[in-house]
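To start, the structure itself, in structure tokens.
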Amino acid sequence: LVAAQIITTNPAHAVRGPKHVVKKGRTPVLNRDEARTLLDSIDISTLTGLRDRALIAVMIYTFARIGAVLQMNVGDYFSQDRRGWVRLHEKGGKEHEAPCVSKLETYLDEYIAAAGIADDKEGPLWRTTGRFTGTPHRMTQQDAHRMIRRRARQAGIKTAIGNHSLRATGITDYLKNEGTLEHAQVMAAHSSPRTTKLYDRREDETALDEYEKVRI
């Protein structure tokens with residue numbers, strides 16, 4: 001009406017709608033036993049199994065985004081101070097380095113050795129398998145999503161998890177073990193603690209305990 005000059009001003013211009021505040025993310029998460037079952041259920045007698053276990057473990061133990069993990073080259077897993085480290089390529093061209101726990105070191109070492117890619121420092125770390133074109137193919141987020149859903153089904157996990165579920169699983173388990181939100185923010189490379197808080201699903205178990213008190 002203003003554009004057609006029927007009225008001079010918009011009478012609703014000063015009206016502001018209610019602010020939408022998100023306090024809890026919707027990403028499904030696994031508890032510790034489910035995450036352990038997922039890792040242990042993978043058949044590591046094949047290269048694909050070794051790759052999948054290592055990829056899932058990186059996301060759980062380093063709180064990494066799937067996009068950052070898949071951009072890793074072989075050289076982004078390196079040794080420093082007698083400890084394995086991973087270099088993650090985050091949004092906006094930023095790099096984030098994280099130390100590996102001993103389990104993660106083992107998983108990565110076994111995968112890289114089986115794949116025979118230790119000397120290909122500039123090549124992709126996470127490569128598709130089953131292709132024989134002669135050139136390595138970097139896994140896509142769609143490849144990772146299909147893999148995670150398949151591995152979860154094989155492990156008997158009914159929760160419909162996806163790529164971000166593993167990141168949220170690691171953050172939630174860290175906070176359950178008396179980790180601080182401030183440290184989780186740094187480890188997850190979040191710019192705001194509010195974003196990290198969205199991955200904290202500890203209240204889910206509290207809510208379940210309360211609902212269980214209904215004894216009808």
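The values are calculated or read from the model by the stated rules, or taken from the named source; none is laboratory data. These numbers were taken from a predicted model, which means no experiment stands behind them. Neighbour counts run over all protein chains shown; Cβ positions are idealised from the backbone, glycine included. With ligands, DNA and RNA removed, areas are computed over all heavy atoms of the protein, side chains included. Shrake-Rupley method; radii C 1.70, N 1.55, O 1.52, S 1.80 Å.
So the values come out like this:
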quantity	calculated
Filter result (closer than 12 Å to A189 by Cβ and modelled with pLDDT under 90) within the stretch 66-91	H89, E90, K91
Matching helices (runs of 4 or more DSSP H) fully within the stretch 12-122 where at least 1 residues are under 26 Å from D173 (Cβ atoms) and open to solvent by 60 Å² or more (accessible area, probe 1.4 Å)	32-40, 47-62, 102-115
Flag if R146 is within 30 Å of A115 (Cβ to Cβ), in a helix (DSSP H, G or I), open to solvent by less than 60 Å² (accessible area, probe 1.4 Å) and modelled with pLDDT of 75 or more	no
The stretch 175-194 - residue that is open to solvent by less than 30 Å² (accessible area, probe 1.4 Å) and among the aliphatic types (A, V, I, L, M) and, of those, nearest to H164 (Cα to Cα)	A188
Flag if T128 is of a type in the set (V, I, T) and open to solvent by 10 Å² or more (accessible area, probe 1.4 Å)	yes
